[in-house]
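Presented below is the structure to which this report refers.
The values are calculated or read from the model by the stated rules, or taken from the named source; none is laboratory data. Source: prediction; values computed, not measured. Here Cβ is always computed from backbone atoms with ideal geometry, including for glycine, and neighbour counts include all displayed protein chains.
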Amino acid sequence: MLKKQTIQITASLLLAISLVAGMLLWVNLTDIKLILSSSQFNKAALTNVINTVSVNLGILLCSSISLAAIWYLIMEKTRWAFFENSTSVKNPKTSSFAEVSQVSQKVEDLSIENKRLINKLVEQNRITNRFAYVVSHDLRSPIRTVHSFVGLLRRELGDRLTEREDTQMNFILEGTEKLRSMVDEILEYSRMEKTLIQCSVIDLKEILDNVLEEIKPEIEATKATIILPDALPKIFVDSRKVKVIFAQLLLNSLLFLEDQTPEITITCDELESEWEFNFKDNGIGIKPAEIENVFLPFVKLQQIAQPKGIGVGLALCRQYVELHLGKIQIIPTEMGTHVQFTLPKDLEKQMADLETAKTI
């Protein structure tokens, strides 16, 4: 700040000196003109005036050069100040750009590593699912053979079997039936990730009727009461996957009981943009602490002394509901279990929009 004031004062003084020297020079030049025009030429006076003019001219020249130098310094300082300010403005940008470049490079490296890990995980899942599929598929034949021959042997022996032998054969038949059911669940789960959704307009009433017919033995064995909705819509869904959802939810209500006769209520409500389905029963229910985990594969309820199945039923339901862009959840209730899921009305349009987004 002091340097700036000093420069300003010095420039002002030099400017004043230059003006005074210029005025004196003008006076001297006027004197010379008068002397030369005078009839009495005085050489000594002319010499004095010329010397004065030389001095004033020197002062004027020096002042002008100094003033020009100061002006140059002021302009140069201003130019460098502008440059420095510009540099100071740009440096953060340059620095930020360098930092952004480094961050971008790290993000790119992490993205590449992430893709590699995802591809590795996908490959491992593919191998695991393939293994599960092969094992479960190959196990079905020997299980079916054991079940069939034990049943045939039991029928042929008939009355010749003792009560103990008949009970043991019954255990074998029940065990193989349970094992076959578990293998079927593993097989269905192994197919889950690689099957595509194949939708068409389907009457959900027909699907539910088919499911009820298939599980009729279980319904009769438990003497279950099932209250059906008054009407079910025709919507754009994958019939096979929706059939699995209905079947799994109904079987869970029939299997997970204590001593009570099962009572199942199914409702269907039309909302603004989706259909809402509710399956309610009077079974053993689900503890609040287990609600978050029941949709995970191979998770069994802890309150069941002898768990039935391998714990993939609700995992299948969740996967298939989400494939339809719907949602599924357990609604907390004081008694029994309440499962709620939704299916969108405009699934066909949403799927078309997703396909369009993938191509962009």
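So the values come out like this:
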quantity: Residue in segment 170-187 that is nearest to V146 (Cα to Cα), counting only those that are in contact with a helix residue (DSSP H, G or I) (Cβ under 6 Å, 6 or more places away or on another chain) and modelled with pLDDT under 85; calculated: T176
quantity: Failed condition for E276, given (1) part of a helix (DSSP H, G or I); (2) modelled with pLDDT of 90 or more; calculated: (1)
quantity: Selection status of D209, within 24 Å of T337 (Cα to Cα) and out of contact with any Phe, Trp or Tyr (no Cβ under 9 Å at 6 or more places or on another chain); calculated: yes
quantity: Test: residue in segment 245-260 that is in a loop (DSSP other than H, G, I, E, B), surrounded by fewer than 20 Cβ atoms within 10 Å (Cβ to Cβ) and either at positive phi or within 29 Å of the chain's Cα centre (by Cα) (or both); calculated: no
quantity: Residue among D203, D184, D238 that is in contact with a His (Cβ under 8 Å, 6 or more places away or on another chain) and in contact (Cβ under 8 Å) with a residue 12 or more places away in the chain; calculated: D238
quantity: Exclusive hit being aliphatic (A, V, I, L, M), at pLDDT 75 or above, closer than 18 Å to I186 by Cβ and in a helix (DSSP H, G or I), set I127, I118, I143, I112; calculated: I143
quantity: Cβ pairs under 8 Å, 6+ apart, first in segment 134-154 and surrounded by 13 or more Cβ atoms within 10 Å (Cβ to Cβ), second of a type in the set (G, A, S) and at pLDDT below 80; calculated: S136/S190
quantity: Strands (runs of 3 or more DSSP E) enclosed by segment 195-241 - at least 2 residues per element that are under 35 Å from the mean Cα position of the chain (by Cα); calculated: 200-203, 234-237
